[in-house]
Amino acid sequence: MRTEKDLMNLKKDELIEIAKSLNIDTSGTKAELTTRILASEVQPAGEAGQDFDEATESKIDIESSDATMSGEEGIIEDESENSGEASVESSAESSQDIIFDELPSRWLIAGGLRPVPYLSTLAVVFILMFTYGFNDFYSVQYAVEGSDKEYIDCARITYHSLGDGNTTDYDPTNQANIDCAELLGISPNWWQEDMDAWLQSMLDSVSGNGNETGFIWTQVGIDTMAYLGASTFNANMSVYGDPIAGDEFTEQDLAIWNGYTATMGGGNDTIEDLLVGGGSPFAIYMPMGIVDYKPTGFLWTQAGIDTMAYLGASTFNTNMSVFGDPSNGDVFTAQHLAVWNGFAAAFPGGGTDTYEDLLPSGGSPFAIYMPQGIVEHAPTGYFWSHPGVPTMAYLGSSTFGANMSVFADPAPGDVFTAQHLAVWNGFTLQMGGGNDTIADLLPGGASPFAIYMPSGIVITEAEWTNQTPSVSNVTVEVNGTTNTTMFSCGYIFSDAQGDSDNSTIIWFINNSYAANTSTYSANLTNGTTIACMVTPYDGLYWGVSIESQDHLILATED
Amino acid sequence: MTEGLDLLDDIGLVLSVFILLFISYFHLRPGEDKRTWDRRMGASLVIWLLLYFVLRRMQTLVPTTGIDYLTADTVFISISGYASSLNFFYTHLFLMLLVPIPFLRKSWQIAALGIFVFIAIHIDRTAVAADADPFYNSMLTYVIIMAAVLVCFATGMRFLINPPAIDDKSVEALAMRRSGFFALGTIAVVMDNMIFRAIGFLAGTGNAWWTFPTVNYSGATAGYNYAMVTLAEMTFILGVFSFVMIAFGLGSIYHIIQSIRKKHPVSLATVFSGYLLFIWALIIFRHWAWVTGYATWDMSEMPMDANAEIITALSDGFSFHLIYPTIALLHAVKFGLITIESERDQKILRLVALCVMVAITAVFTTLLEVIIPIPDLVLAVVCGLVLATGWERHLIDALEPDEEMKTVSWAWPGNERAMTWGVNLMIGIPFVVKLLLGVVY
């Protein structure tokens, strides 16, 4: 006699073979086969099948292989008339469907034979858990002394509606906000106060550490201070460490200045008070100021100021005073950059911009909102020259293993910055150079690599202006005929070297591009506008394009 | 590390597609279909569920298959949103309430539930629309689905702790066995990652109460009354998850003890119990990680550090990418939703079992490599040994349906054809709309 353990240790194929030899069903899992084999060994094979009790049999329809279901009524129709009883006996062996036509009650399915105690228990436990969870959260989040409802509704009004400057409902003086703020025990103007405090803390946090104030001595400042020291304070410049122009104006320098002026009604100046037009009580004695912003190599542009003013008003809830109300061409200082990054840090990906990221097409995550950038390179007095760009590109690829991206892909006429010079000196340092000034990179300059760049890399600002041709007085001229009117573009061409005029002309009809010919012929209808744009070119240098006024076609010209 | 975890997406998608094709082939192949309505309907619902999984993964992995919210017209975005919600909720609700022994027994009940769900979706979406006033967090649709979960849970739990005797062939025992087995399988298939909030619900911690979608901002945006509405809804949702998981956890322990004492038969319920206890180990670990700060997630449950990434992969990733599609396969085969009869069918099943084994191995090794850097060679040797010892045979044996599961059924008390078409259209139309809008826009 085989035991269950013996059978379970066999492979399934072996169990199937045994089942076949016993003439019983061979389908199912190993456990089912084992059960069936054990059962067949204690009773005849014909009784080993699935035996439903009599009560069950009375409720079922047994569907033979060709039985179908009525689509309309859902009642089993057994088309094989004589398959019924035989199928019951051998249902387990032939895998026939046994379909009950009466669904069991939902109570039985969900709750079993004793649904009431079972489902009641589940319901009670769940209700207890629900009550616990609700009360636990409520007690922490909503329970306050007094009326919970009044407090929560007031919190919404003051913190998220009338009192919240980030909403369109913002109205801190509204009586409902004032009443609610009183209930909550805060100022009805809490949002503005918080914003002010935040801005102040940000400005404080970006202030210098004493040695990096962002301000430098100017020569006129040194001269002024030397005079004031000798005439008024009985001190010479040694108390400031004998600075030279461009040295950092430190917090210690400021403390010394305030120490001197404290006895004369001053003593509270900030470094900003010592700028030209600053607020120092002694400004009258130093009309050119003492200090200037430390150059960063970048200046505010007018487009940048306008953009920043818009972003401040629309996004950052501030105005340009946080940047000291800069003007076009002012130094974009380290402090300005820190303020910008302070704002941007509140948004994903922001807060880590460099100066370069704020140039037009820079890498700032907010570049899409400032297509013209915020800053421009500060002038150094030198530009990339026409031969300079390809020369540097050649040297980069042939010698330094770098392309022009290390210089941010400049075009002729772009400012040759101090950073560009640093990159150049970095490359040449390992080859015996590394100490060039920008002037050394002019044609015939003193760079040890001058032989490799006979036309130089840079051009002075003055030379650039001198060599670049220009045009003026651009106008549309009309030469009427009976059928067709010919238009020409009149202008005055200027070139310091007297080179020939190779300027190009572009025509616009109703502000849309029309042609790039020297003249334009057409029979234009009444009301049409025509304009031309001249780009000066002397065969070597391109100048700045100038466009004429729109010329309106009137009936008399037809 | 992220690269390794990203592989899970690909493996899960391939596995889901493979199982989807397998079930679809057997469900849709031409020839005489002898299956009863509940098996056909069950197979359809499992296919819709897998299609939902696949489309969701596709729209994550290949954004062009999803609607572009920046450029698409707001009307289409809105229609796509409705379609997506209808597809999701109908599939899950019908899987829990319609098969194998239906709780919804009349066509009008199905239609009424469909309309009720649509209204609930509309209320939920309207409450969080950009111009909503009041703007509050409405979760009515989730409440409906969690109510259905309670029904399914009661059925499964009843079977887990008090199964009918295996030799009891009465109609009641047959009904309780079939519905109980199916309920356990359905619960395993439709489990959401919110099961990991089971402890947080009782502990009152932020990983349950301040993690989307169960975040109650309604007090701030709409005032006290709406805060109470949201609180009641989110308490119900979180409470059901917690209640169900705790009850199943205890039930699983009880069932395993009874099985050891040979008072309960070892069956699919035992496999379910083992799976539940494994999930509980993950729940405890994840909750511990959150409470102690070992790992951090944001309010949307996005991992904020490397530990959180691994734990998310172990819990969410493991469930979504491997367990759900595998259980869907088990569900379809084990309950006879598709018919595996001929030698050729068996060969195809064997191929699928091998693929599932490969996927299981791939997911395990991917996770293992992230946690413990093991050389690929060692993993390859281990995997080879595992596969060479014929483990796929065990999987095929586990997939083999019981005779009773293949033969016993209950007739649909009405127009079976109309019901089948109606349910499939209710789920299918939103799915197709969502898919088309995603591709076109």
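The values are calculated or read from the model by the stated rules, or taken from the named source; none is laboratory data. The structure displayed is predicted, hence computed values, not measured ones. Every residue, glycine among them, receives a Cβ derived from its backbone with ideal geometry; neighbour counts consider all protein chains shown. With ligands, DNA and RNA removed, areas are computed over all heavy atoms of the protein, side chains included. Shrake-Rupley method; radii C 1.70, N 1.55, O 1.52, S 1.80 Å.
Has segment B:239-254 got any residue that is in contact with a Pro (Cβ under 6 Å, 6 or more places away or on another chain) and of a type in the set (Phe, Trp, Tyr)?
No: zero hits.
Just need a number here: residues in segment A:252-274 that are out of contact with any Ser or Thr (no Cβ under 6 Å at 6 or more places or on another chain), acidic (Asp, Glu) and more than 12 Å from A:Met225 (Cα to Cα).
1
Pairs please, first residue from segment A:108-123 and more than 7 Å from every other protein chain (Cβ to nearest Cβ), second anywhere and of a type in the set (Gly, Ala, Ser) and open to solvent by less than 40 Å² (accessible area, probe 1.4 Å), Cβ atoms under 8 Å, 6+ apart in sequence or on different chains.
Pairs that qualify, where the first residue is more than 7 Å from every other protein chain (Cβ to nearest Cβ) and the partner is of a type in the set (Gly, Ala, Ser) and open to solvent by less than 40 Å² (accessible area, probe 1.4 Å): there are none.
Could you please give the count of residues in segment B:296-319 that are among the aromatic types (Phe, Trp, Tyr) and over 17 Å from the mean Cα position of the chain (by Cα)? Spell out the reasoning first.
From segment B:296-319, those among the aromatic types (Phe, Trp, Tyr) are B:297, B:318; that's our starting set.
Still in the running and over 17 Å from the mean Cα position of the chain (by Cα): B:297.
Count: 1.
Of these, A:Pro379, A:Pro371, A:Pro365, which one is open to solvent by 50 Å² or more (accessible area, probe 1.4 Å), in contact (Cβ under 8 Å) with a residue 40 or more places away in the chain and not in a helix (DSSP H, G or I)?
Values: A:Pro371 fails: in contact (Cβ under 8 Å) with a residue 40 or more places away in the chain; A:Pro365 fails: in contact (Cβ under 8 Å) with a residue 40 or more places away in the chain.
Just one listed residue meets the conditions, A:Pro379.
Suppose we filter segment B:420-434 for residues that are open to solvent by 50 Å² or more (accessible area, probe 1.4 Å) and within 11 Å of B:Tyr90 (Cβ to Cβ); how many remain?
2
Only one residue in A:Ser518, A:Ser472 is of a type in the set (S, T, N, Q), over 27 Å from A:Asp409 (Cβ atoms) and open to solvent by 60 Å² or more (accessible area, probe 1.4 Å), so which one is that?
Details: A:Ser472 fails: open to solvent by 60 Å² or more (accessible area, probe 1.4 Å).
Exactly one residue qualifies, and that residue is A:Ser518.
When the residues of segment B:200-230 are filtered to those that are facing another protein chain (nearest Cβ under 8 Å) and under 29 Å from the mean Cα position of the chain (by Cα), which remaining residue is most open to solvent (accessible area, probe 1.4 Å)?
B:Leu202
What number of residues in segment A:129-150 are open to solvent by 80 Å² or more (accessible area, probe 1.4 Å) and of a type outside the set (S, T, N, Q)? Steps first, answer last, please.
First, pick out the residues of segment A:129-150 that are open to solvent by 80 Å² or more (accessible area, probe 1.4 Å): A:132, A:135, A:140, A:145, A:149-150.
Going one step further and asking which of them are of a type outside the set (S, T, N, Q), we end up with A:132, A:140, A:145, A:149-150.
The total comes to 5.
Only one residue in A:Leu38, A:Leu15, A:Leu10 is modelled with pLDDT of 75 or more, away from chain B (no Cβ under 12 Å) and over 18 Å from B:Val266 (Cα atoms), so which one is that? Step through it out loud before you land on a result.
Working: A:Leu38 fails: over 18 Å from B:Val266 (Cα atoms); A:Leu15 fails: away from chain B (no Cβ under 12 Å).
Exactly one of A:Leu38, A:Leu15, A:Leu10 is modelled with pLDDT of 75 or more, away from chain B (no Cβ under 12 Å) and over 18 Å from B:Val266 (Cα atoms), namely A:Leu10.
With respect to B:Arg177, determine if the residue is more than 30 Å from B:Leu329 (Cβ to Cβ), open to solvent by 10 Å² or more (accessible area, probe 1.4 Å) and either within 11 Å of chain A (Cβ to nearest Cβ) or among the basic types (Lys, Arg) (or both).
Here the answer is no, as B:Arg177 does not meet what is asked.
Just one of the numbered conditions (1) in contact with a Pro (Cβ under 9 Å, 6 or more places away or on another chain); (2) not assigned by TED's automatic domain parsing to the domain that holds B:Pro30 is not true of B:Ala306; which one?
So the condition that B:Ala306 fails would be (1).
Looking for something assigned to a helix (DSSP H, G or I), out of contact with any Gly (no Cβ under 7 Å at 6 or more places or on another chain) and within 24 Å of B:Gly31 (Cβ to Cβ) - is there at least one such residue anywhere in segment B:410-419?
First, the residues of segment B:410-419 that are assigned to a helix (DSSP H, G or I): B:416-419.
Subset that is out of contact with any Gly (no Cβ under 7 Å at 6 or more places or on another chain): B:418-419.
With within 24 Å of B:Gly31 (Cβ to Cβ) added as a condition, the list becomes B:418-419.
There is at least one residue in segment B:410-419 that is assigned to a helix (DSSP H, G or I), out of contact with any Gly (no Cβ under 7 Å at 6 or more places or on another chain) and within 24 Å of B:Gly31 (Cβ to Cβ).
Going through segment A:230-268 one residue at a time, which ones are more than 26 Å from A:Pro295 (Cβ to Cβ), touching a Phe, Trp or Tyr at 6+ places or on another chain (Cβ under 8 Å) and open to solvent by less than 40 Å² (accessible area, probe 1.4 Å)?
Of everything in segment A:230-268, those that are more than 26 Å from A:Pro295 (Cβ to Cβ), touching a Phe, Trp or Tyr at 6+ places or on another chain (Cβ under 8 Å) and open to solvent by less than 40 Å² (accessible area, probe 1.4 Å) turn out to be A:Phe233, A:Ala235, A:Thr261, A:Gly266.
Checking the conditions here, which among B:Val151, B:Val171, B:Val117 is under 24 Å from the mean Cα position of the chain (by Cα), within 11 Å of chain A (Cβ to nearest Cβ) and free of Cβ contacts under 8 Å to residues at least 60 places away in the same chain? Step through it out loud before you land on a result.
On the way: B:Val171 fails: under 24 Å from the mean Cα position of the chain (by Cα); B:Val117 fails: within 11 Å of chain A (Cβ to nearest Cβ).
Within the list B:Val151, B:Val171, B:Val117, the selection yields B:Val151.
Would you mind finding the one in B:Val382, B:Val378, B:Val363, B:Val358 that is assigned to a helix (DSSP H, G or I) and either crowded, with 21+ Cβ neighbours inside 10 Å or under 20 Å from the mean Cα position of the chain (by Cα) (or both)? Please lay out each step first, then the result.
Numbers: B:Val382 fails: either crowded, with 21+ Cβ neighbours inside 10 Å or under 20 Å from the mean Cα position of the chain (by Cα) (or both); B:Val378 fails: either crowded, with 21+ Cβ neighbours inside 10 Å or under 20 Å from the mean Cα position of the chain (by Cα) (or both); B:Val358 fails: either crowded, with 21+ Cβ neighbours inside 10 Å or under 20 Å from the mean Cα position of the chain (by Cα) (or both).
After ruling out the rest, the residue left standing is B:Val363.
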